[in-house]
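Asks: Have a look at this one before I ask anything.
The values are calculated or read from the model by the stated rules, or taken from the named source; none is laboratory data. Quick caveat: nothing in here was measured; it's all calculated off a predicted structure. Glycine gets a Cβ as well: all are built from the backbone with ideal geometry, and neighbour counts include every protein chain shown. Heads up: the accessible areas ignore ligands, DNA and RNA and are worked out on the full protein's heavy atoms, side chains in. Shrake-Rupley method; radii C 1.70, N 1.55, O 1.52, S 1.80 Å.
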Amino acid sequence: MASLADVRRGDVFLAGVRCSAADQVAGLTLGLYGPHRDKMADAQITPAGVITGQLAAAPALIPVQLVTGLAPLSAGDVLENGQTGETAVCRWSQIQPDGTVVWSSSAAHRVIYPAAGWTVISHVDLSG
């Protein structure tokens, strides 16, 4: 597992964010958590959008889970398999604990595909 000190430009890593307070004047108070629910940092976001905060430990002591093959997918994305030419519409997606992205064309997640090898070629509105 990598540490925050190992993160380089272009890397993507997972962080869970918990809102512990929301105030119209002070803004949002957040806790950022990494793998195994280890606390990474505390942060404050003001109503003007200014983010401040403090790491929970030195960067070398904060574990992070690097995400590989990140493909930000959302419901309605039309995907094409680069090898087979198959197309499908994303109905659900998720980043797995190991950092890989998976998606399904079934709202019930009956068949789940890894995002690697698929490309977003279009988007359709599934709301109506």
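Asks: Could you check how much of the accessible area of the chain is carbon and sulfur, as a whole percent, using a 1.4 Å probe?
Replies: Details: 4490 of 8240 Å².
The nonpolar share, carbon plus sulfur, comes to 54 percent.
Asks: Efficiency by 1/(1 + (r/R0)^6): what FRET value for residue 122 and residue 42, r their Cβ-Cβ distance, R0 = 25 Å, to the nearest 0.05?
Replies: 0.05
Asks: Report the extension gain between residue 86 and residue 5 in nm, rounded to one decimal, defined as 0.36 nm multiplied by the number of residues separating them, less their alpha carbon distance.
Replies: 25.1 nm
Asks: Net charge around residue 103, counting only other residues with Cβ within less than 11 Å of its Cβ (Lys, Arg = +1; Asp, Glu = -1)?
Replies: 0
Asks: Considering the chain as a Gaussian network with a 10 Å cut-off on Cα pairs, which listed residue, 12, 25, 101, attains the greatest mean-square fluctuation?
Replies: Among 12, 25, 101, the largest GNM mean-square fluctuation belongs to 25.
Asks: Still on this structure, please answer the following. Would you tell me the accessible area of residue 45, worked out with a 1.4 angstrom probe on the heavy atoms of the protein chains, in Å² to the nearest 10?
Replies: Its heavy atoms expose roughly 50 Å² to the probe.
Asks: Just report the Cα centroid separation between the stretch 61-103 and the stretch 7-27, whole Å.
Replies: So the separation of the two Cα centres works out to 21 Å.
Asks: On average, how much accessible surface per residue is there in the chain, in Å², for a 1.4 Å probe, leaving out ligands, DNA and RNA?
Replies: It amounts to 64 Å² per residue over the chain.
Asks: Considering only 47, 63, 97, give the residue with the highest GNM mean-square fluctuation for the chain, with springs between Cα atoms whenever their separation is below 10 Å.
Replies: Result: 47 has the largest fluctuation of those listed.
Asks: Comparing 15, 107, 115, which has the greatest mean-square fluctuation in the GNM of the chain with Cα pairs linked when under 10 Å apart?
Replies: Taking springs between Cα atoms under 10 Å, the residue moving most is 107.
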